[in-house]
Amino acid sequence: MLQLFKNPRGALSLLCSALFLLILQTTPLRADEGMWLPMLIGQKIDRMHELGFKLTAEDIYSVNKASLKDAIVHFGGGCTGEVISAEGLLLTNHHCGYGQIQAHSSVENDYLKDGFWARTRTEELPNQGLTVTFMRRMEDVTDLVLQGVTDAMEEKERQQIIDKNIKDLTEKALNGLDKRYNTVRIAPTYFGNQYFLYLNEIFRDVRLVGAPPSSIGKFGGDTDNWIWPRHTGDFALFRIYADKDNNPAEYSPNNVPYRPRYHFTISSKGVKEGDFTMVYGYPGRTQQYVLSPAVEYIALRSNPQKIHLRGLRLDVMNREQGKDQAVRIQYASKNARVSNAWKRWQGEARGILNAGTIAKKKAFEERFQQWAETTGRDDYITLISKMKELYNRLEPLQYASEMYTEALMATELLQFADNLERQLARRGPEEALSLARSFFKDYYQPIDEEIFEILFAEFYAALQDTPDLLPTPDLLPAAAPAARTTQAPAAHTAQAPAAHTAEAPAARTAQAAHCPENIRTLAQHLFSTSAFTREQQTLDILAKDSEQALELIRNDIAFKLVRPFVEKNRTEIQPLIAAINQELSLLYRTWMQAIMEFDKDRVFYPDANSTLRVAFGTVAGYSPVDAVVYKPVSTIEGIMQKDDPNNFDYNIPQTLRNIHAERNYGRWETDGTVPVCFIATNHTSGGNSGSPVLNANGHLLGLNFDRVWEGTMSDIEFDSSVCRNISVDIRYVLFLIDKIGNADYLLRELDISQD
Ligand code: ARG
Ligand code: ASP
């Protein structure tokens, strides 16, 4: 983030920023914000060399030779992974493979709890639906995408031309390739000022090879999640399989381990403060250039409300999971998902306030406005006011949409009823059946019923000031005895945030649907009447011919209840949101051009969009609050300090206690201990989990898996004083494979180097 952005206005501040620039240029800063496009990394390579990097831009990304990029995969679409052996061995986070590990687990064979180690290749476990994707090449296709577009053109016509160009380019790039295993994505960058084409290759036979017990892989659980100091062994091993010609194929027992174009050498040298690090992976979505109202909405309204709602859900899950082992497994993945964003939103909102992001953005917008007036360009002068106007219109809709997702659809039964109908109607009986099977595998009615009671009321409470965003009254199935309506939800309103309990506008009376007074009665009726709380009944329905099954689903109370909401959201709220966002994104296209012109010295990087990026920085501690300083490396000593047999999150396996007692660290010992995690200044985001963290030689130092709490606002503003990514040290991973997994046969596959 550059000086102009950070400094107040005025001559003095200009002088300050000049000085600041000078300082910037003479002392290498330790933090380098940004997520860079691999193909254009040449722009940053000098800076990377200054920080110690020894390789070239060609080593990072090349189409002519094997390069670092060829060892990296998009894992399952939401995480990153990397190939670490010539036989397709793949490393990612435990939390990224969590769903797969859970899917293979049962109370008898609890791989979540006990870990899993395939002793031979034949024991490696296939995972239906899991894919890994390699990016084979990228290309700047801006000119080709914009071919035929003129400034004078209406937006609609412009978009039609662009869509057509994208379609043609995609087809051309795929020409001669097997479309089952090759895809093309053309992604707008800088809000459509630039376009990049990505040609990807997808592998569909990916098997689970190893995972530590959750007491290691998820050590610290949700208590330590997003927190430094951290001691989580967050890794899992998979293997990519290919057909006999080394090409991607559907799962087959005849497939063989994939031989990658490149795999990482592992460094056993370790890290110390100040060392160069680079993270190469797939950050999902950032919003570095948004206007102040968007940030205000996130920090002051959306996050607080969503935190409140998820907190209520977590209370129920945690209590019930604590009571029963089977429920603990069933809800492990769901709980982690709900909890993860719940906690991140808290850190993010607080970080935005601490960093003063809203005020800084407002000040920047004022300075921009003054400058815009001097350009005489009408599109620049009116830009901010137009965007603000759109944000005003967007906010209530966006809020409602979030309530539909976070409160209404928090009830699994409602979501399932809706999904099942859609699946059967659009995809067919087989898909519907498989949806039902996976739903019931992890469904526990008491949790869901209680969540319904609480969250359904919360949903109404949250939207009571905007009744036109609720469906009209006949929402409750006639059969429901509780279909009496009243103005305010009776249950759980005490917990609704004050902002939403304000007097309702008069307009709401006749039109609005109201939350039923006796939610308990409705819940009982709903959950005892619906077929979708019982597996056999649901399967019986699905066994009928499709027409009949659809009819039965559509007459089920759960479907009837949820349907009007889904329709309201789908046919009214979402289209309005989409239309406003469309207008906004056009204005953001201009905004991006304008701020690049206005803020000439600043180096811009494109927002994350789930495409491959390079971030770099150095290993560095930080000060989370006044008078406290954190060191950058944690060790096994910290695990022992946290160890607590009575606390689920910190109850480590006895073997690890024994190893520590005997200091039986073998070749993984460093300075009398074993390093566990470290932090650095790389700019990462959600999706970067599992990304390789590389040293100056491009060797693997660790696996990225998290960020520190105080810095989770980095998706909006990267504050180099507190934004840190958290990685598990590769030496700890190797130590665990060796000493906990007793899987030294896997270590033999690896290339381990001293540097
Ligand atoms: N916070 C990390 C990320 O966003 C790890 C999440 C998984 N761990 C957990 N305890 N829920 O994905
Ligand atoms: N834990 C995140 C992930 O899964 C990484 C992050 O948000 O920093 O991608």
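The values are calculated or read from the model by the stated rules, or taken from the named source; none is laboratory data. Keep in mind the model is a prediction, meaning the values are calculated, not measured. Here the Cβ is made from the backbone with ideal geometry for all residues, glycine too, and neighbour counts use every protein chain on show. Note: areas computed on protein heavy atoms with side chains; ligands, DNA, RNA excluded. Shrake-Rupley method; radii C 1.70, N 1.55, O 1.52, S 1.80 Å.
Exactly one condition in (1) among the polar types (S, T, N, Q); (2) at pLDDT 95 or above; (3) closer than 25 Å to Ser438 by Cα; (4) open to solvent by 50 Å² or more (accessible area, probe 1.4 Å) is not met by Ser385; state its number.
(3)
Mind telling me which of the residues His263, His231 ends up being within 16 Å of ligand 2 (Cβ to nearest atom), of a type outside the set (A, V, I, L, M), in a loop (DSSP other than H, G, I, E, B) and farther than 30 Å from Phe604 by Cβ? Talk me through it step by step, then tell me what you get.
On the way: His263 fails: within 16 Å of ligand 2 (Cβ to nearest atom).
When all the criteria are applied, what remains is His231.
What are the pairs with Cβ atoms under 9 angstrom where one residue, in region 380-400, is without any contact (Cβ under 8 Å) to a residue 60 or more places away in the chain and part of a helix (DSSP H, G or I) and the other, located anywhere, is open to solvent by less than 10 Å² (accessible area, probe 1.4 Å) and not polar (S, T, N, Q)? Sequence gap at least six, or different chains.
Ile381/Ala372
Tally the residues that are more than 30 Å from Pro188 (Cβ to Cβ) and in contact with a strand residue (DSSP E or B) (Cβ under 8 Å, 6 or more places away or on another chain), restricting the search to region 608-627.
Summing the residues that are more than 30 Å from Pro188 (Cβ to Cβ) and in contact with a strand residue (DSSP E or B) (Cβ under 8 Å, 6 or more places away or on another chain) in region 608-627 gives 7.
Which condition breaks for Gly270 when tested against (1) away from ligand 1 (no atom under 16 Å from the Cβ); (2) at pLDDT 95 or above; (3) open to solvent by less than 40 Å² (accessible area, probe 1.4 Å)?
In the conditions (1) away from ligand 1 (no atom under 16 Å from the Cβ); (2) at pLDDT 95 or above; (3) open to solvent by less than 40 Å² (accessible area, probe 1.4 Å), Gly270 misses (2) alone.
Quick test of your reading of the structure: Pro257 fulfils all but one of (1) open to solvent by less than 10 Å² (accessible area, probe 1.4 Å); (2) away from ligand 1 (no atom under 16 Å from the Cβ). Name the failing condition by number.
Single failed check for Pro257: (1).
Being of a type outside the set (Lys, Arg) and in contact with a helix residue (DSSP H, G or I) (Cβ under 9 Å, 6 or more places away or on another chain) narrows it down to one of Ala543, Ala579, so name that one.
Ala543
For region 431-448, give me each residue that is in contact with a Phe, Trp or Tyr (Cβ under 9 Å, 6 or more places away or on another chain) and either surrounded by 20 or more Cβ atoms within 10 Å (Cβ to Cβ) or of a type in the set (Ser, Thr, Tyr) (or both).
Of everything in region 431-448, those that are in contact with a Phe, Trp or Tyr (Cβ under 9 Å, 6 or more places away or on another chain) and either surrounded by 20 or more Cβ atoms within 10 Å (Cβ to Cβ) or of a type in the set (Ser, Thr, Tyr) (or both) turn out to be Ala436, Tyr443, Tyr444, Ile447, Asp448.
Here's the yes/no breakdown for (1) in a helix (DSSP H, G or I); (2) at pLDDT 95 or above; (3) more than 21 Å from Leu736 (Cα to Cα); (4) more than 16 Å from ligand 2 (Cβ to nearest atom):
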position	(1), (2), (3), (4)
Thr611	no, yes, yes, no
Val625	no, no, yes, yes
Val628	no, yes, yes, yes
Ser634	no, yes, no, yes
Gln641	yes, yes, no, yes
Asn646	no, no, yes, yes
Arg657	yes, yes, no, yes
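Please specify each residue of region 546-571 satisfying the condition of being without any contact (Cβ under 8 Å) to a residue 60 or more places away in the chain and not hydroxyl-bearing (Ser, Thr, Tyr).
Glu547, Gln548, Glu551, Leu552, Asn555, Arg570
Need pairs with beta-carbon distance below 6 Å; first residue at pLDDT 95 or above and within region 338-367, second among the polar types (S, T, N, Q) and within 14 Å of ligand 2 (Cβ to nearest atom); sequence gap 6+ or separate chains.
Lys343/Asn225; Arg344/Thr712; Gly347/Thr712; Glu348/Thr712; Gly351/Thr712
Among the residues in region 118-129, are any open to solvent by 30 Å² or more (accessible area, probe 1.4 Å), free of Cβ contacts under 8 Å to residues at least 60 places away in the same chain, within 30 Å of Gln330 (Cα to Cα) and among the polar types (S, T, N, Q)?
yes
Identify the single condition in (1) in contact with a Leu (Cβ under 8 Å, 6 or more places away or on another chain); (2) within 16 Å of ligand 1 (Cβ to nearest atom) that Lys361 does not satisfy, given that it satisfies every other one.
(2)
Looking only at residues that are assigned to a helix (DSSP H, G or I) and in contact with a helix residue (DSSP H, G or I) (Cβ under 7 Å, 6 or more places away or on another chain) in region 72-126, which one is farthest from Asn225 (Cα to Cα)?
Narrowing region 72-126 to residues assigned to a helix (DSSP H, G or I): 98-103, 111-114, 121-123.
Pick out the ones that are also in contact with a helix residue (DSSP H, G or I) (Cβ under 7 Å, 6 or more places away or on another chain) and you get 98-99, 101-102, 111-113.
Working: Tyr98: 15, Gly99: 18, Ile101: 19, Gln102: 19, Tyr111: 21, Leu112: 17, Lys113: 18 Å.
Among residues in region 72-126 that are assigned to a helix (DSSP H, G or I) and in contact with a helix residue (DSSP H, G or I) (Cβ under 7 Å, 6 or more places away or on another chain), the one farthest from Asn225 (Cα to Cα) is Tyr111.
Would you mind stating whether Glu430 is assigned to a helix (DSSP H, G or I), more than 16 Å from ligand 1 (Cβ to nearest atom) and over 28 Å from Lys306 (Cα atoms)?
Yes.
Just for region 672-692: of the residues that are within 18 Å of Thr635 (Cα to Cα), among the β-branched types (Val, Ile, Thr) and in contact (Cβ under 8 Å) with a residue 60 or more places away in the chain, which one is nearest to ligand 2 (Cβ to nearest atom)?
Ile679
Out of curiosity, is Ser302 assigned to a helix (DSSP H, G or I) and within 16 Å of ligand 1 (Cβ to nearest atom)?
Numbers: assigned to a helix (DSSP H, G or I): yes; within 16 Å of ligand 1 (Cβ to nearest atom): no.
Considered against the rule, which asks whether it is assigned to a helix (DSSP H, G or I) and within 16 Å of ligand 1 (Cβ to nearest atom), Ser302 comes out as no.
Kindly list, by first and then second residue, each pair from a residue in region 282-311 that is open to solvent by 20 Å² or more (accessible area, probe 1.4 Å) and away from ligand 2 (no atom under 16 Å from the Cβ) to a residue that is of a type in the set (D, E, K, R) and part of a loop (DSSP other than H, G, I, E, B), limited to pairs with Cβ atoms under 7 Å and residues at least 6 apart or on different chains.
none
Just to be sure, is Val279 under 27 Å from Asn704 (Cβ atoms), open to solvent by less than 20 Å² (accessible area, probe 1.4 Å) and among the β-branched types (Val, Ile, Thr)?
Spelling it out, Val279 is indeed under 27 Å from Asn704 (Cβ atoms), open to solvent by less than 20 Å² (accessible area, probe 1.4 Å) and among the β-branched types (Val, Ile, Thr).
From (1) open to solvent by 20 Å² or more (accessible area, probe 1.4 Å); (2) within 16 Å of ligand 2 (Cβ to nearest atom), pick out the condition that doesn't hold for Gly351.
(1)
Restricting attention to region 398-432, which residues are more than 13 Å from Val562 (Cα to Cα) and aliphatic (A, V, I, L, M)?
Ala400, Met403, Leu424, Ala425, Ala432
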